[in-house]
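Written below as structure tokens is the structure these notes are about.
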Amino acid sequence: MRRVLATAGHVDHGKSTLVQALTGRDPDRLREERERGLTIQLGYAWTTLPSGAEVAFVDVPGHQRFVGTMLSGLGPAPAVVFVVAADQGWQAQSSEHLAAVQALGITDGLLVLTRCDLADEPQRDQVRTEATRRLTEAGLDVPAVEVSAVRGDGMDALRVALDDLAGRLSEPDPGAPVRLWGDRSFSVSGAGTVVTGTLGAGTVRAGDRLTLLDHGRAREVSVRGLHSQDSAREEVGPVSRVAVNLRRVESDEVGRSLALLTPGAFELASVIDVALTEVAVTESAHLPRQMQGEGDHDRGVDRATLHVGSLDIAVHVRPLADGLARLSADVDLPWRVGDRAILRDAGSRRLWAVRVLDVDPLPLTRRGAAGRRGQALTAAGPSPEALAGVRLTSRAADHAGVLDRLGLEAPSSAVQHGDWWIDPDALQLWRDRLAKAVRARHASDALSAGLPLAEAARSLGLPTHLPTALGQALVPTLAAEVELTVTDGRVHDAAAAGLGPAEAGIAALEERLRGTPFVAADRGELADLGLGTAELAAAERLGRVMRLPDEVVLLPDAPARAMRVLAGLEQPFTLSQARQALGTTRRVAVPLLEHLDARGWTRRVDGTLREVAR
């Protein structure tokens, strides 16, 4: 069993000394850190507990100037070792670190009172009582241990408490998608670029193909090798500190603002809608007016720093409602609904807990759109299904792959069409629009064959963010649902279709053909009846006539009537014999016999003879 814990607490309260006493390793890697006795960058060390569990520590800086670095180390850790010096008590950065712990939703860990050899018992009791109260109020109801890392007092009890903590932490999912936030990258001679981070879920294997997201730029990379706790590994599961050696990636091609991802498992976006909860760093901290959603939501804006995983990104903040905002960054980040992060105003030292409600939401372009969006998200609350419903209502349709990447399931009311989930109200609107457009076409042109599929798809009026192909794929289904028919690439209404002024001419032609079924009218006769190509095509769609090549027009029952005549001939027969038996001309007989051949009712014996197929 492996666990990763982060330290937290005021500067110079003994966090690094404690980690070194537990692990035998100095987490301060830089000469400047060792000379000044001040952690500047994240430090890492690990040990094996009495139970055999392996625990790695992310040692974070305590100084206020390095709060951003502290947050990058704390973010991926599932639990915290909160350090308070018994001889100094609760201090300013104690509050700031606790606010970060609370904002990230970390609810388990240990309270460790360090330097107990420098404080008497009443002082230790007072510090312990105050620290316990503050942690409990922040949702961190955890055991407390008193130690002196220098003298070794209480260290055995601390190891037992760490064992208990490791045992009660929930098991991470080794089969989950990988999202490894890189907190350090460097080059190793002969090996290439190495990225380190805390693997909170999923499994990384040598040879894996991963997506490297660096400052918003995504590309595929290959894992050359893995190290964890000073050992080469073929695979590393959660929760672990891991160093990932990337194949054919130069060290100057990556920075610290990166993540390694399972390809296609997360939605990459620069804009998110979030719930914001103030986390007081001091008793006087409060949300600034423009962050509370007061006044005109559409105009209240601000800038702040978003800390997610081990990254810190400048974002634009647009309030939507009380406790709701839209955050916009300059780069894409990998998100899922429900993700947690921290929003920080460095100037005021204020922190807000961030919970992601939607990813890549549609732009707010109309006046009042921000307020309406805030109302919808407020009504939905934290329920994932309700949030999926708000998203679907706003977008009209959502691709199943996007919902998977966001960790959402389609709401129960959604209608599936292929790979898309569609809002039922949007679907009804599109049905109505299609029916209206088709019937309007018939009303304006009685001979119309209906709307071509492309025009029918445009008539749906799908939002511009949806692909044209979706509208084209929906048309046949929507047409059937409103009793329309798709024939030869056109949508028409059989009930509304008619011949208008051509009705009289078609009726006269029908009357004539009933008496002489194989004597087709020529072009001049058809013109005298007022029948051109459009009129005859409309009559054919209505099943009133059939058209053969060379402008031959017969009744639909002509093939069946011809077969009765041809069956009475001596088999096989010639074209001339068929023409004479049918009482028609070569102009009619040739296309009619070819039509019968195509239907399999007659067949050629040789170049001049045919026979009725038995």
Tell me the strands (runs of 3 or more DSSP E) entirely within the stretch 160-240 that contain at least 1 residues that are among the charged types (D, E, K, R).
-> 179-188, 209-214, 217-228, 231-233
Only residues in the stretch 476-504 that are in the same structural domain as Gly450 (by TED's automatic domain parsing) count as the first member; pair them with residues that are charged (D, E, K, R) and modelled with pLDDT under 85, Cβ under 6 angstrom, at least 6 apart or cross-chain, and list the lot.
-> Leu484/Asp493
Is it true that Ala138 is closer than 16 Å to His13 by Cα and either among the aliphatic types (A, V, I, L, M) or at pLDDT below 95 (or both)?
-> no
Tell me, which residue of the stretch 450-483 that is under 20 Å from Glu540 (Cα atoms) and buried (at least 20 other Cβ atoms within 10 Å of the Cβ) is modelled with the highest pLDDT?
-> Leu451
Out of all the residues in the stretch 526-541, which are surrounded by 13 or more Cβ atoms within 10 Å (Cβ to Cβ) and touching a helix residue (DSSP H, G or I) at 6+ places or on another chain (Cβ under 9 Å)?
-> Leu526, Leu529, Gly530, Leu531, Gly532, Ala534, Glu535, Leu536, Ala538, Ala539
For the stretch 61-69, indicate whether the set of residues that are at pLDDT 60 or above, in a loop (DSSP other than H, G, I, E, B) and not assigned by TED's automatic domain parsing to the domain that holds Gly323 is non-empty.
-> no
Among the listed residues Asp125, Asp153, which satisfies the condition of being touching a strand residue (DSSP E or B) at 6+ places or on another chain (Cβ under 9 Å), at pLDDT 90 or above and of a type outside the set (Phe, Trp, Tyr)?
-> Asp153
Select the strands (runs of 3 or more DSSP E) contained entirely in the stretch 526-608, then report the ones holding at least 1 residues which are within 19 Å of Arg514 (Cα to Cα) and within 60 Å of the chain's Cα centre (by Cα).
-> 546-548, 552-554
Enumeration of residues in the stretch 84-133 that are part of a loop (DSSP other than H, G, I, E, B) and small (Gly, Ala, Ser) | Ala86, Gly89, Gly105, Ala119
For the stretch 154-170, enumerate the residues that are closer than 11 Å to Ala79 by Cβ and surrounded by 13 or more Cβ atoms within 10 Å (Cβ to Cβ).
-> Leu162, Leu165, Ala166, Leu169
Within the stretch 170-193, restricting to residues that are hydrophobic (A, V, I, L, M, F, W, C) and touching a Ser or Thr at 6+ places or on another chain (Cβ under 7 Å), the one that is modelled with the highest pLDDT is Val178
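The values are calculated or read from the model by the stated rules, or taken from the named source; none is laboratory data. In this text, all values refer to a predicted model and were calculated from it rather than measured experimentally. In this analysis, Cβ positions are derived from the backbone assuming ideal geometry, glycine residues included, and neighbour counts consider all displayed protein chains.
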